[in-house]
Each structure stands twice: as structure tokens, then as C-alpha cells.
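For reference, the structure discussed in these notes is given below.
The values are calculated or read from the model by the stated rules, or taken from the named source; none is laboratory data. Predicted model, so just to flag it, every value in this text is computed and none were measured. Using ideal geometry, Cβ is built from the backbone for each residue, glycine included, and neighbour counts are taken over all protein chains shown.
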Amino acid sequence: LTPSDVISPSPARTHQTRFVISPSGRPAALTGPLSLLRSGVLNFRELVRALLEIFVRPKFPPDNHETLYQFAARRFGRAVAENLMLPMATGIWGGGAESLLARHAFPVLPEMEIKHGSVVRGLLAKALTRKKQLPPSPSAQASQQWPKGLLSFPNGMQTLVEAFQENLNRWGKENQDCLEILQGQPVVSIESATNNRIRVNAAHEFDAVFWTAVPWKSQSLQWDIPEAAADWQRWFATPQHSLVVVNVAGRKSSRTQNGFGVLARRESTALLGVLFVHSIYPQHVPEGFYSYRVLIGGDRRPEAIGWSDEELRKYTLAELNRLELLDEHQEPADIQIVRWQNVVGIADCNHDERLKSLWRIQARYPGLYFAGIYKKGVGVADALQSAADAVQEWKMRETTLNQGKGA
């Protein structure tokens, strides 16, 4: 798979509109400054404060421990941090705006402040650059840089598994007697072996091992080097959020809403946000049908991960009806529920030290590589880029080793 195989959200303007739950409890379209005023998301004074961001002096030197909430409050005012940035973080990470570091969560924002002195000036410069931008060169197109933001595949996320299976089968046919697939055997130990190899579960040796699971779910993993075990334990204190994803689908009605989705404010009981799948990825939904992907739990209601299917169903339908997204007289055709226990890690003020611990482990175990949503971000694009980076690390090491053998 390459970046050219993915699909980004529909570029149609009406399909890109974001909504946030207004003080009245109804979705308010974020189409511009005046929409914030009309919906009550910001009052006149708060809007003026936000528009004056271009005149706010940049912070030098930058505060590396500034949270996403603090950054937004400093640049745009507390109302923007509370009513826009906090809901945005809730929809992506299940909460944590007040502990997520800005440079990890949205690195482009502090980068704009550093480079242009203002986020608004940075956005204007980016827009001008985009207009003048030349088509990418073949070498740039060939590089493994995955698109940013939300993305999927034409046939859904199963494409990843199918591509992996296809490549594995092909490699197995070309390298018979070199492929062994172990199923249902959790990794319980990692040891260093001779010739810089990695021994897994005290029995299987490999030239390269790629670890993609979140570390805090493997707290019983044993290491033969005490310092590596101590570094691994640093990840166990990572703030974690559990999410429940409820997908509700049915025939469209007069209430079906187009757009990107709805962000939930702090006052929300358990709702984190709603994605309009039929609008974002129309190719994934049959013609004439809607599909809402509802996110529940996070730091709003951590115990929601333990709710029964019936409790989740009732809560989800009640919220969608409250937001006037469903026809209350028409039952959905399908409801699917998926639970993700402690899957989202928050990149807080200790995240840098956690990343350094992985580097130290890798230095002690040449051939061990880390990739996954716990390193740079929780999106599919972040995970794919993390995997591409890990493979690039492996290729560079292989090249270095081969050059050493030939010397």
C-alpha cells in the first residue's frame, strides 16, 4: 500500500462543514466568524478577542509544556479554548485538551506561531503557498508520506489486513520454509540473542521485530535487560481513554444532516462527537442511506465502556434525536457497537520522556522497532506514517549492515 491508495474525506464544501453543540443544545454550523456569533458559541466580545489573534505577540522562547487548551486560550482567548478547542480534542482523543501538549497534538499550530508570529498569519501564508505550489515531483510522490487528518480506503479499513495477507502469502511462496505464523500466542518476553537478533518468548529468534501494540496493555512483558524493563514501565502511567463507537445507519430523512460531524462541549454527559460517514465517505454508504458514527466515553464518562449494548443503544438514539439528526418516527436499519478499552494515550508533559525510553530500548536491542498510535497520534494517517517510519529505520539499518559486510 502507498499513500496513493487512500481516500480523503469528500472535498465538497457542504460535506466539510463542522458543527459544534451550541449553548442551546442544537448543532451549530461553523461556517465563519458570524456563525459563531449567531449560534451563541461566542459572544461579540469573545469573537473580537479571537479575531485579534493576529496582533497577539508570540511567546519566545516557546513553552514546550504548554497544553492545547493553554495555547488556544493565549492566542484566541479562553472562550475559543473552551467552546472550540476543547470539543475538538474531545472528538479526536476522547478529551484531554487541558493535558495534551500543543506541540504533540497539533504541532502545526505552535509551528505557525514560531514561523509567522501568529496562527492566522500562518494560515494565510499556507493558503498563498498552496496556490503557488507546483505539482509534486516523481521522487516526492514516491516517498512514504501519508496524508494528514482523517482518511480511509475505497473498500474500508479491511484493505490494510487484505494487503498484509496478500504480501505475506506472496513472500511465503517465494521463501518457503522461512515463514512461520504463530497464532494465539501473546508475546510474554523479549531477549537479546547472538548476532544482534531478538529472541521472543524464549524460543523464536528474529533479525527484526516490529512492536505495534500500545505498551500499557503489555505490562507483564519480560525483558532480560533490567534497564529496558524500567524504561518499558514508564509507559504504564500514560493517561488513557476508552472509547465506544456506535454506528447508526438507516434510510435518509428530512433530518439527515450533511457535513463532517458534530463536536460535543464540556457539558455533554458521555457524548464525544458524531461523524457523518455518509457525507465524509459517500462511497462507503449505499445511496439514500445515512450513517452516523457516534463516539462515547472518553474522559466524559469513562464507565461507558462497561455499559450494556442496550444502554449504549438507548443513549445513542436519545442523543441523535436530541441533536435532531434522526427522524424520531423511523427506526434505524442497523446499529453496530465496538468497544476500545484504554486504547487512546494522551501525550502529556511526560510524553517526551516516554519516547526517549523507546529509543533507549532500541539502542539495547538492535533490530527492535516501535510503531503505532501511541507515538505520534491516534489517527489512521498517524499510524500509517509511524509504520512507514519504522520500516525506513529498518531499511537504513539493513543498508548499513550490508555495507559493513562488504567493507
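Cβ-Cβ below 8 Å, separation at least six or inter-chain, first residue in region 166-187 and in the same structural domain as LEU368 (by TED's automatic domain parsing), second among the aromatic types (Phe, Trp, Tyr): which pairs?
Every condition considered, no pair remains.
Only residues that are closer than 17 Å to VAL274 by Cβ and among the β-branched types (Val, Ile, Thr): list them for region 55-96, please.
THR90, ILE92, listed by residue number.
So SER268 clears everything in (1) touching a residue at least 24 places away in the same chain (Cβ under 8 Å); (2) outside the structural domain of VAL378 (by TED's automatic domain parsing); (3) of a type in the set (Gly, Ala, Ser); (4) not in a loop (DSSP other than H, G, I, E, B) except one condition, right? Which one?
So SER268 meets the others, but not (4).
Within region 263-282, how many residues are touching a Gly at 6+ places or on another chain (Cβ under 6 Å) and within 17 Å of ALA97 (Cβ to Cβ)?
Of the residues in region 263-282, 4 are touching a Gly at 6+ places or on another chain (Cβ under 6 Å) and within 17 Å of ALA97 (Cβ to Cβ).
Can you tell me how many residues in region 62-83 are within 12 Å of GLU113 (Cβ to Cβ) and not small (Gly, Ala, Ser)?
Matching residues across region 62-83 total 7.
Can you tell me which of LYS132, LYS115 is modelled with pLDDT of 85 or more, exposed (fewer than 15 other Cβ atoms within 10 Å of the Cβ) and farther than 27 Å from ILE280 by Cβ?
Going through LYS132, LYS115 in turn, just one is modelled with pLDDT of 85 or more, exposed (fewer than 15 other Cβ atoms within 10 Å of the Cβ) and farther than 27 Å from ILE280 by Cβ: LYS115.
When you scan region 141-163, do you find a residue that is over 20 Å from ALA371 (Cβ atoms), outside any loop (DSSP other than H, G, I, E, B) and either of a type in the set (A, V, I, L, M) or modelled with pLDDT under 75 (or both), even just one?
Yes, region 141-163 contains a residue that is over 20 Å from ALA371 (Cβ atoms), outside any loop (DSSP other than H, G, I, E, B) and either of a type in the set (A, V, I, L, M) or modelled with pLDDT under 75 (or both).
Right, PHE260: in contact (Cβ under 8 Å) with a residue 24 or more places away in the chain, aromatic (Phe, Trp, Tyr) and in the same structural domain as TYR290 (by TED's automatic domain parsing) or not?
Considered against the rule, which asks whether it is in contact (Cβ under 8 Å) with a residue 24 or more places away in the chain, aromatic (Phe, Trp, Tyr) and in the same structural domain as TYR290 (by TED's automatic domain parsing), PHE260 comes out as yes.
Can you work out which of the residues in region 189-238 that are in contact (Cβ under 8 Å) with a residue 24 or more places away in the chain and among the hydroxyl-bearing types (Ser, Thr, Tyr) is surrounded by the fewest Cβ atoms within 10 Å (Cβ to Cβ)?
SER220
For region 60-71, indicate whether the set of residues that are of a type outside the set (A, V, I, L, M), buried (at least 17 other Cβ atoms within 10 Å of the Cβ) and closer than 20 Å to LEU124 by Cα is non-empty.
Yes, because at least one residue in region 60-71 is of a type outside the set (A, V, I, L, M), buried (at least 17 other Cβ atoms within 10 Å of the Cβ) and closer than 20 Å to LEU124 by Cα.
Pick from region 312-359 the residues that are within 22 Å of the chain's Cα centre (by Cα) and of a type in the set (Val, Ile, Thr): which of them is surrounded by the fewest Cβ atoms within 10 Å (Cβ to Cβ)?
Only one residue fits best here, namely VAL338.
For residues that are closer than 25 Å to SER279 by Cβ and of a type outside the set (Val, Ile, Thr), scanning just region 295-311, find the one that is surrounded by the fewest Cβ atoms within 10 Å (Cβ to Cβ).
If we take residues in region 295-311 being closer than 25 Å to SER279 by Cβ and of a type outside the set (Val, Ile, Thr), then ARG300 is surrounded by the fewest Cβ atoms within 10 Å (Cβ to Cβ).
Given the residues LEU123, LEU52, LEU47, which is the only one that is modelled with pLDDT under 95, surrounded by fewer than 21 Cβ atoms within 10 Å (Cβ to Cβ) and either assigned to a helix (DSSP H, G or I) or touching a Cys at 6+ places or on another chain (Cβ under 7 Å) (or both)?
After ruling out the rest, the residue left standing is LEU123.
Looking at (1) of a type outside the set (A, V, I, L, M, F, W, C); (2) part of a loop (DSSP other than H, G, I, E, B); (3) modelled with pLDDT of 90 or more, which is the only condition ARG103 fails?
So ARG103 meets the others, but not (2).
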